[in-house]
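For reference, the structure is listed below as structure tokens.
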Amino acid sequence: MDFRISEDRAGLVEGVRDYLAGVHGVERLRALDLSDSRRSDELRQGLTEMGLRGLLVPEAQGGLGLSLVDAALIAIELGRAGVAEPLADAAFVAAPLLMAAGGQEALLGAIATGEAQVALQHPVNGWVADLDGATHLLADRDGRLLLGAAPAEVEPLDSVDPLRRLFAPVAAEGSDIGTASALLDHAALFAAAQGVGLAEAMLAQATDYAKLRTQFGQPIGAFQAVKHHLASAAVAVEFARPVVLRAALALEQRLASAPVHVSHAKIAAGDLAWSVGEVAIQIHGAMGYTYEVDLHFWMKRAWALAGAWGDRAFHLARVDAAVIGGTLPIGPAHSFD
């Protein structure tokens with residue numbers, strides 16, 4: 001069994017990473033933080049032109065027709081670059097749900113071209129992201145998935161992350177297009193994937209700083225204690241990444257165990273981003289907490305996503321119920337079930 005990322009996938013990821021590095025660096029993040037909209041038309045158009053809005057949309061509707069694993073890899077890059085644009089909600093979460101529901105070809109085509117933006121609402125969240133710029137609302141109401149027009153009036157909410165645009169939930173109305181069970185799992189998956197990217201970015205910033213900051217005549221990265229912290233963080237990243245990709249594959253294949261794999265991924269990525277953030281703060285010293293240090297953009301996003309689409313306690317309870325309840329046997333004999 002070959003678990004390596006294919007050359008085509010690696011090329012796609014590298015292209016997205018290079019593009020985001022060129023148009024969405026720290027200067028862009030700080031500019032967005034000072035803007036009223038906190039959104040970039042240039043970035044939105046660029047993501048559309050790269051085909052990322054249609055990544056999961058079938059080719060018949062103008063998309064690329066790729067897989068959830070591809071989307072998870074791209075979501076990692078969105079986290080790495082600190083992208084707040086709601087690409088994942090409409091393109092990576094809503095699109096596969098609409099495909100499964102059937103009869104939504106026109107809307108899928110509009111998602112691929114960027115004409116439609118779908119906001120997501122679920123009872124587990126006390127907010128809806130980017131509701132003000134949405135054309136449609138996909139909502140879980142009493143376990144049913146409703147698709148309707150986005151409301152004209154919205155109530156803004158505050159977020160720990162200044163680049164997230166949150167709004168109060170609304171009374172969802174629209175067409176019943178099926179059960180809503182998959183909404184939470186898809187959204188939690190992509191929150192987890194972004195968490196891995198956030199951790200990678202914070203680790204890179206901490207490593208770069210450790211090479212530049214000198215003490216006692218040498219870079220602090222030369223000290224064994226700092227090396228150990230960075231090495232442990234790097235190992236944690238490598239352990240969390242395959243957990244997220246496994247969850248993406250389980251959802252793609254519609255395995256009965258997929259919700260448990262998603263919860264495992266959400267826990268692993270959330271713990272990873274939290275712990276790497278702590279390490280990065282410590283390596284930056286007392287100024288690690290300050291606004292002047294770029295690190296805070298990624299830390300605040302990690303804090304925000306930690307509670308999105310089910311917090312740690314929520315997902316730990318799902319894993320506990322599966323393992324202790326016996327629906328997900330563990331041990332070497334079941335590793336590849």
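For the range 21-67, the tally of residues that are loosely packed, with under 11 Cβ neighbours inside 10 Å, not in a helix (DSSP H, G or I) and not small (Gly, Ala, Ser) stands at 1. Among the residues of the range 269-296, those identified as surrounded by 22 or more Cβ atoms within 10 Å (Cβ to Cβ) and within 15 Å of the chain's Cα centre (by Cα) are Ala269, Gly270, Leu272, Ala273.
Those residues that are more than 16 Å from Arg38 (Cβ to Cβ), aliphatic (A, V, I, L, M) and assigned to a loop (DSSP other than H, G, I, E, B), I need them from the range 114-158; list them, please. Listed by number, the residues that qualify are Ala116, Val124, Ala150, Ala152.
Just one of the listed residues (Ala180, Ala188) is touching a Phe, Trp or Tyr at 6+ places or on another chain (Cβ under 9 Å) and surrounded by 13 or more Cβ atoms within 10 Å (Cβ to Cβ), and it is Ala188.
Results for (1) surrounded by fewer than 19 Cβ atoms within 10 Å (Cβ to Cβ); (2) within 14 Å of Pro86 (Cα to Cα), shown as yes or no for each residue.
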position: Thr113; (1), (2): yes, no
position: Val118; (1), (2): no, yes
position: His122; (1), (2): no, no
position: Gly133; (1), (2): yes, yes
position: His136; (1), (2): no, yes
position: Arg144; (1), (2): yes, no
position: Glu153; (1), (2): yes, no
position: Leu157; (1), (2): yes, no
position: Phe167; (1), (2): no, yes
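Tell me, yes or no, whether the range 87-97 has at least one residue that is surrounded by fewer than 21 Cβ atoms within 10 Å (Cβ to Cβ), over 27 Å from Ala304 (Cβ atoms) and out of contact with any Phe, Trp or Tyr (no Cβ under 9 Å at 6 or more places or on another chain). Taking every residue of the range 87-97 in turn, none turns out to be surrounded by fewer than 21 Cβ atoms within 10 Å (Cβ to Cβ), over 27 Å from Ala304 (Cβ atoms) and out of contact with any Phe, Trp or Tyr (no Cβ under 9 Å at 6 or more places or on another chain). All conditions in (1) in a loop (DSSP other than H, G, I, E, B); (2) of a type in the set (D, E, K, R); (3) farther than 24 Å from Arg28 by Cα hold for Asp161, with the sole exception of (3).
Taking (1) assigned to a loop (DSSP other than H, G, I, E, B); (2) over 21 Å from the mean Cα position of the chain (by Cα); (3) closer than 30 Å to Val13 by Cα in turn, Leu107 satisfies each apart from (1). With respect to the conditions (1) assigned to a helix (DSSP H, G or I); (2) in contact with an Asp or Glu (Cβ under 8 Å, 6 or more places away or on another chain); (3) surrounded by fewer than 22 Cβ atoms within 10 Å (Cβ to Cβ); (4) at pLDDT 95 or above, Arg9 lacks only one, and its number is (4). When you scan the range 221-232, do you find a residue that is crowded, with 19+ Cβ neighbours inside 10 Å and either closer than 18 Å to Ile76 by Cβ or among the polar types (S, T, N, Q) (or both), even just one? Scanning the range 221-232, I find no residue that is crowded, with 19+ Cβ neighbours inside 10 Å and either closer than 18 Å to Ile76 by Cβ or among the polar types (S, T, N, Q) (or both), so the answer is no.
The values are calculated or read from the model by the stated rules, or taken from the named source; none is laboratory data. In this text, all values refer to a predicted model and were calculated from it rather than measured experimentally. Cβ coordinates were reconstructed from backbone atoms using ideal geometry, including for glycine residues, and neighbour counts include every protein chain displayed.
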